[in-house]
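The values are calculated or read from the model by the stated rules, or taken from the named source; none is laboratory data. Keep in mind the model is a prediction, meaning the values are calculated, not measured. With ideal geometry, Cβ positions are generated from the backbone for all residues, glycine too; neighbour counts draw on all protein chains shown. Calculation scope for accessible area: heavy atoms of the full protein, side chains included, ligands and nucleic acids excluded. Shrake-Rupley method; radii C 1.70, N 1.55, O 1.52, S 1.80 Å.
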Amino acid sequence: MQTVYVLNGPNLNLLGKRQPEIYGYETLADVEATCREIADDAGLTLKFHQSNAEHQLIDWIHEAREDAVGIIINPAAYTHTSVAILDALKTCDMPIFEVHISNVHQRESFRHHSYVSLAASGVIAGCGTQGYELALHRLIRLLQA
Ligand code: DQA
């Protein structure tokens, strides 16, 4: 079975409780459950992870480069700061989708720049937690093409 990684960066463990006016009330467990349903229907194995540590995200990206066919990543604040995560993603020869729950372009100017976008096949921002579903559907479409 083909494997897809969904990776989540810092503070996303608090999804549902953290600034719900921006990020909504769905939890990361809710997001995972929805992604799992979609992946199951498509016959994909889903690896779904969250970490507050940059090195852990990089280690999962290294894992993904060996055994995955695609990566969906919400790097959270590391989006705007991490050359290391960009470099790790650049080693992966597969579709990569960057997801942001909020519309980062409507927020503080430091959120307007993304290092990760330089490695992303596509970027989804401002669609709420549905952004993960949209990214997964797009990835499945690419894998079936
Ligand atoms: C975020 C946007 C980032 O700017 C922020 O640091 C996050 C979440 C989003 O999903 O909208 O933690 O990636």
Segment 20-33 residues that are on the phi > 0 side of the Ramachandran plot, paired with ones that are within 11 Å of the ligand (Cβ to nearest atom) (beta carbon under 9 Å, 6 or more apart): Gly24/Leu15; Gly24/Ile101; Gly24/Gly128; Gly24/Thr129
Subset of segment 126-145 [assigned to a helix (DSSP H, G or I) and either more than 13 Å from Pro95 (Cα to Cα) or charged (D, E, K, R) (or both)]: Gln130, Gly131, Tyr132, Glu133, Leu134, Arg138, Arg141
Among residues belonging to segment 26-52 that are farther than 18 Å from Phe97 by Cβ and either within 15 Å of the ligand (Cβ to nearest atom) or among the small types (Gly, Ala, Ser) (or both), point out the one that is nearest to the chain's Cα centre (by Cα). Ser51
Determine which single condition Ala33 fails, assuming it passes every other condition in (1) open to solvent by less than 20 Å² (accessible area, probe 1.4 Å); (2) in a helix (DSSP H, G or I); (3) closer than 22 Å to Glu133 by Cβ. (1)
Only residues that are near the ligand (Cβ under 10 Å from one of its atoms), of a type in the set (Asp, Glu) and surrounded by 17 or more Cβ atoms within 10 Å (Cβ to Cβ): list them for segment 90-145, please. Glu98
Among the residues of segment 80-125, write down those that are outside any loop (DSSP other than H, G, I, E, B) and acidic (Asp, Glu). Asp87, Glu98
If I filter segment 14-25 for residues that are closer than 16 Å to His100 by Cα, modelled with pLDDT of 95 or more and away from the ligand (no atom under 14 Å from the Cβ), do I get at least one hit? yes
Output the residue which, of all residues in segment 11-25 that are under 17 Å from the mean Cα position of the chain (by Cα) and not in a loop (DSSP other than H, G, I, E, B), is surrounded by the fewest Cβ atoms within 10 Å (Cβ to Cβ). Leu14
Test: residue in segment 71-79 that is within 16 Å of the ligand (Cβ to nearest atom), assigned to a helix (DSSP H, G or I) and either closer than 25 Å to Gly43 by Cβ or in contact with a Leu (Cβ under 9 Å, 6 or more places away or on another chain) (or both): yes
